[in-house]
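Enquirer: Would you mind keeping the following structure in view while I ask a few things?
The values are calculated or read from the model by the stated rules, or taken from the named source; none is laboratory data. The shown structure was predicted, so the numbers you read here are calculated from the model rather than taken from an experiment. Heads up, the Cβs are rebuilt from the backbone with ideal geometry, glycines too, and the neighbour counts pull from every protein chain shown.
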């Protein structure tokens, strides 16, 4: 029985493993071509350990939810409810460990390790294809937004409300990492519908590989906030945005302000591989947030509305802080939607919509 469920899980994820290995090999070839120092290359190992820790931590949090939910809903004294919750959790945990869902989680989790090679490739953009597209995207932004740059609409509108929108943007833009792991952990550990589960995971991987690596390399850009740092010979159309960021950042959005300093330090420290690197087009923040919207649409209306509000907040925050051009977000939404459609059509052939096969607990 154990062999069967792990074998089934492997057959489901095998094509994705093949795609992931191609992605890793391509980046390894790139590291050889550009002679990445071994000590810098090994930073991906720490990223892998961090991903594992975060996913396991969220699994523990979900386990705690099972316990607390039972504790809060049963009747009796404090001690009786505690005993009941522990017994319920023990039964649930044993059933989960013996079911297919646990096998799918174990087999699916290592694919995240391949995705972590994204950070190496992102660092190599400046070496493989030096930044050059920012003037083009700045012109597109102005053309698409009625002769004004998007931040010239967003910043005055947000600040005029005087409701702490900038602080909200500061928090929500970095809560993105929490939402990412919550959605990912639900998909890996709890989602029982094969079609929906595989569709999300495929598009999640392809977003990092195609949007975050291939397209980011082809359209190498740094974003409005750093325009003046990398194009000193051109007139900077974002002087107002930079002045607003420098004036308001320390008190209104300290996280974004600190991140700006780190990103610029990493971009200019001479190292080939850093913890993170500059890359504007397309926006992976918006891409993953939009993927959560598409995923939530298939789960429930309340989750869809929450995901949509979050995605819109991420988009406006990226423009408000000048970390992305508006067209970065538009392109990300379009590409993720296309990937969602293509993967869905491919999976429809294997899992017709009228069957909706489930993974057993």
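Enquirer: Mind checking which residues of region 235-250 are assigned to a helix (DSSP H, G or I) and touching a residue at least 60 places away in the same chain (Cβ under 8 Å)?
Expert: Passing the criteria: 240, 241, 242, 244, 245, 248.
Enquirer: Taking residue 147 as meeting all but one of (1) on the phi < 0 side of the Ramachandran plot; (2) out of contact with any helix residue (DSSP H, G or I) (no Cβ under 9 Å at 6 or more places or on another chain), write down the number of the exception.
Expert: Residue 147 satisfies all of (1) on the phi < 0 side of the Ramachandran plot; (2) out of contact with any helix residue (DSSP H, G or I) (no Cβ under 9 Å at 6 or more places or on another chain) except (1).
Conditions tested, residue by residue: (1) closer than 30 Å to residue 232 by Cβ; (2) in contact with a helix residue (DSSP H, G or I) (Cβ under 9 Å, 6 or more places away or on another chain); (3) crowded, with 20+ Cβ neighbours inside 10 Å.
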| residue | (1), (2), (3) |
| --- | --- |
| 94 | no, no, no |
| 97 | no, no, no |
| 124 | yes, yes, yes |
| 133 | yes, yes, no |
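Enquirer: Quick one: would you say residue 30 is under 24 Å from residue 273 (Cα atoms), in contact with a helix residue (DSSP H, G or I) (Cβ under 8 Å, 6 or more places away or on another chain), in contact (Cβ under 8 Å) with a residue 12 or more places away in the chain and crowded, with 16+ Cβ neighbours inside 10 Å?
Expert: Yes, satisfied.
Enquirer: So which helices (runs of 4 or more DSSP H) are wholly in region 78-196 and hold at least 1 residues that are farther than 29 Å from residue 217 by Cβ, touching a residue at least 12 places away in the same chain (Cβ under 8 Å) and within 26 Å of the chain's Cα centre (by Cα)?
Expert: Where helices (runs of 4 or more DSSP H) fall fully within region 78-196 and carry at least 1 residues being farther than 29 Å from residue 217 by Cβ, touching a residue at least 12 places away in the same chain (Cβ under 8 Å) and within 26 Å of the chain's Cα centre (by Cα), they are 100-108, 150-161, 165-189.
Enquirer: Kindly check whether there is at least one residue in region 60-71 that is part of a loop (DSSP other than H, G, I, E, B), surrounded by 12 or more Cβ atoms within 10 Å (Cβ to Cβ) and modelled with pLDDT of 80 or more.
Expert: No, the conditions are met nowhere in region 60-71.
Enquirer: Before we move on, is residue 207 assigned to a helix (DSSP H, G or I) and loosely packed, with under 15 Cβ neighbours inside 10 Å?
Expert: no
Enquirer: Of 116, 129, which residue is closer than 30 Å to residue 213 by Cβ, in contact with a helix residue (DSSP H, G or I) (Cβ under 8 Å, 6 or more places away or on another chain) and surrounded by 15 or more Cβ atoms within 10 Å (Cβ to Cβ)?
Expert: When all the criteria are applied, what remains is 116.
Enquirer: Can residue 75 be described as over 30 Å from the mean Cα position of the chain (by Cα), surrounded by fewer than 15 Cβ atoms within 10 Å (Cβ to Cβ) and at pLDDT below 90?
Expert: So residue 75 passes the test.
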